[in-house]
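The values are calculated or read from the model by the stated rules, or taken from the named source; none is laboratory data. Here the structure is a predicted model, which is why all the values come from computation and not from measurement. Quick reminder, even Gly has a Cβ in these numbers, built from the backbone with ideal geometry, and neighbours come from all protein chains shown.
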Amino acid sequence: MQGYDVIIIGAGPAGATAAMYLHKAGKNVLLLDKAKFPRDKTCGDAQGRKAARILKELGIYEGYANLDGHVVYGLTLSSPNGTQVELDVEHRNNPPPGYVHKRIVFDHYLYQCASGMVQSRTFEVTDVIQEAGHVVGVKGKNEAGKEEEIRAKMVLAADGAISVVARKFGLTKNPPEHYIAAVRAYYTGVEGMTDRIEIHMVKSLIPGYFWIFPLPNKEANVGLGMIIKDMNDKRVNLKEALVREIKDNPLFAGRFQHAKMASEVKGWNLPIASYRRKCYGNGYLLLGDAASLIDPLSGEGVGNAMISGRVAAMVAAEALAKNDFSEKLLQRYDGLLWDEIGPEIQANYRLQKLGKRFPSLIDKVLEKASKDDKFRLTFEKMLPYTGGREQIGKSNFLKDQLGFAAPEEI
């Protein structure tokens, strides 16, 4: 029965990232996933600067940039009244700040990189092993379908929104106002796509949105997402809403006139980071979706998941050096992680609440951005990846720019 320094459950972006950083730290790591790669993952498929920075740090960005995908330099936004504005994140003479890669492509690349560094196995974890109140390994079924136990000094759980470890310790209970439901399908023949992702704040979904993310050969990842509480209150069927918006919304109807659905419509739930969960305990850490790290405004999770993998690896290496896997030490992970991702999450949660309570505000912001270049440039600096987004969620910005003072409780 072989023992490891660290077992990582889940070989998606969070788990693969953690594995690579721990390898660089010289640790004996086992990376487990119940699926064989390549495998699909229902998602919007976009990755931004957060992911790029980590890929560069790991030395695997060049291969990533050559994957089959679509470069992204900015985004097109539309407001509930149909006002559209095109916003840039980076000049086109510079490297692209983001890509849209299908997750079956992106995750497989990360898995290949990680499994080239650490030992990896197909293994379905069903429970954890505990001794003296500490997690010291996992139980589950190996590739042959036989029950097996594997031990390690600590466990990193990057096994998604329904994480075995998070459920084991009662850490999966986000309230419905802190969960997003989403659906997506692939379409071919979509007209009018550029090197920008598209986010459309259609009236029926506020503060959710409809998206079109460009892929090669006129293919697109098309979907919509909505807070589950709002979806239930308004009795919205997301699959029906997706088809309806494509057919009836004047922003999309012409562009999809000759488009064809190239996949089934798939749905999934996303626990969002506006509800801060406990993500550590004796002998374990929770990463990515298992820790509820989805952005509350954009619904994007890959960047924060990879950040959690990097921070978890750093704290795990410290725990191994000190031979201390107590909750007291591992709590450092929570503090370091939220120091990095917390300000943007808090700002975006304020924006989400503003959009929900005052949808006309979105119309005002985009109307001014479409007419006032100076304001548009200021607004661009507050986009994802660039920092400074907290300013737009503050009442002084709204009052100064739009004559609209947000209530202080926002």
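Take the residues in the range 241-275 that are among the basic types (K, R) and touching a residue at least 60 places away in the same chain (Cβ under 8 Å), then tell me which one is farthest from C43 (Cα to Cα).
Filtering the range 241-275 for residues among the basic types (K, R) gives 244, 247, 255, 260, 266.
Restricting the remaining residues to those that are touching a residue at least 60 places away in the same chain (Cβ under 8 Å) gives 255, 260, 266.
On the way: R255: 22, K260: 19, K266: 9 Å.
Top of the filtered list is R255.
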Legend entry - Matching entry among G10, G69, G26, G15 (being over 24 Å from L285 (Cβ atoms) and either assigned by TED's automatic domain parsing to the domain that holds T122 or out of contact with any Cys (no Cβ under 9 Å at 6 or more places or on another chain) (or both)): G69
Inset, instruction - Kindly list, by first and then second residue, each pair from a residue in the range 362-391 that is within 16 Å of S298 (Cβ to Cβ) and of a type in the set (D, E) to a residue that is assigned to a loop (DSSP other than H, G, I, E, B) and modelled with pLDDT of 75 or more, limited to pairs with Cβ atoms under 9 Å and residues at least 6 apart or on different chains. - result: E380/V89
Legend entry - Pick from the range 130-178, criterion aliphatic (A, V, I, L, M) and more than 18 Å from L330 (Cα to Cα), ranking: surrounded by the most Cβ atoms within 10 Å (Cβ to Cβ): V138
Legend entry - Pair list, Cβ < 6 Å and 6+ apart or interchain, from the range 133-144 residues that are farther than 15 Å from I7 by Cα to residues that are assigned to a strand (DSSP E or B) and not acidic (D, E): E143/T122
Inset, instruction - Scan the range 227-243 for residues that are within 11 Å of G267 (Cβ to Cβ) and polar (S, T, N, Q) and report the count. - result: 1
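Would you confirm whether any residue within the range 307-320 is assigned to a loop (DSSP other than H, G, I, E, B), over 20 Å from L55 (Cβ atoms), assigned by TED's automatic domain parsing to the domain that holds K168 and touching a helix residue (DSSP H, G or I) at 6+ places or on another chain (Cβ under 9 Å)? It would help to see each step written out before you state the result.
Applying the first criterion (assigned to a loop (DSSP other than H, G, I, E, B)) to the range 307-320 yields none.
No, every residue in the range 307-320 fails to be assigned to a loop (DSSP other than H, G, I, E, B), over 20 Å from L55 (Cβ atoms), assigned by TED's automatic domain parsing to the domain that holds K168 and touching a helix residue (DSSP H, G or I) at 6+ places or on another chain (Cβ under 9 Å).
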Legend entry - Residue ID - surrounded by the fewest Cβ atoms within 10 Å (Cβ to Cβ), chosen from residues in the range 104-124 that are among the small types (G, A, S) and not in a helix (DSSP H, G or I): G116
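Any chance the range 359-374 includes a residue that's modelled with pLDDT of 85 or more, hydrophobic (A, V, I, L, M, F, W, C), not assigned by TED's automatic domain parsing to the domain that holds G288 and not in a helix (DSSP H, G or I)? So that I can check it myself, show each step before the final result.
Of all residues in the range 359-374, those modelled with pLDDT of 85 or more come to 359-374.
Then drop every residue that is not hydrophobic (A, V, I, L, M, F, W, C), which leaves 361-362, 365-366, 369.
Now drop any that are not not assigned by TED's automatic domain parsing to the domain that holds G288, which leaves 361-362, 365-366, 369.
From what's left, not in a helix (DSSP H, G or I): none.
Within the range 359-374 (the criterion being modelled with pLDDT of 85 or more, hydrophobic (A, V, I, L, M, F, W, C), not assigned by TED's automatic domain parsing to the domain that holds G288 and not in a helix (DSSP H, G or I)), the answer is no, since none of the residues qualifies.
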Inset, instruction - Sort through S263, S204 and tell me the only one that's polar (S, T, N, Q) and in a loop (DSSP other than H, G, I, E, B). - result: S263
Legend entry - From the options K247, K234, K239, K229, residue that is in contact with a Pro (Cβ under 8 Å, 6 or more places away or on another chain), outside the structural domain of K102 (by TED's automatic domain parsing), surrounded by fewer than 20 Cβ atoms within 10 Å (Cβ to Cβ) and under 25 Å from G355 (Cβ atoms): K229
Inset, instruction - Mind listing whichever residues of the range 279-300 are at pLDDT 95 or above and either assigned to a loop (DSSP other than H, G, I, E, B) or charged (D, E, K, R) (or both)? - result: C279, N282, G283, L287, D289, S292, L293
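From the residues in the range 188-207 that are free of Cβ contacts under 8 Å to residues at least 60 places away in the same chain and in contact with a strand residue (DSSP E or B) (Cβ under 8 Å, 6 or more places away or on another chain), which one is nearest to E90 (Cα to Cα)? It would help to see each step written out before you state the result.
To start, the set of residues in the range 188-207 that are free of Cβ contacts under 8 Å to residues at least 60 places away in the same chain comprises 193, 204-205.
Those left that are additionally in contact with a strand residue (DSSP E or B) (Cβ under 8 Å, 6 or more places away or on another chain): 193, 205.
On the way: M193: 18, L205: 29 Å.
Step by step, filter the range 188-207, then rank; the result is M193.
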Legend entry - Of all residues in the range 257-277 being of a type in the set (G, A, S) and under 19 Å from the mean Cα position of the chain (by Cα), the one that is farthest from G303 (Cα to Cα): G267
Inset, instruction - State yes or no: is A16 at pLDDT 95 or above, part of a loop (DSSP other than H, G, I, E, B) and surrounded by 24 or more Cβ atoms within 10 Å (Cβ to Cβ)? - result: no
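Do we have Q346 as at pLDDT below 90 and under 23 Å from G98 (Cβ atoms) here?
no
Quick grid of which residues meet (1) in the same structural domain as H23 (by TED's automatic domain parsing); (2) surrounded by 16 or more Cβ atoms within 10 Å (Cβ to Cβ); (3) part of a strand (DSSP E or B); (4) free of Cβ contacts under 8 Å to residues at least 12 places away in the same chain:
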site	(1), (2), (3), (4)
G44	yes, yes, no, no
K56	yes, no, no, yes
L75	no, yes, yes, no
N81	no, no, no, no
V85	no, yes, yes, no
Legend entry - Breaking point among (1) surrounded by 24 or more Cβ atoms within 10 Å (Cβ to Cβ); (2) closer than 30 Å to I197 by Cα, for I9: (2)
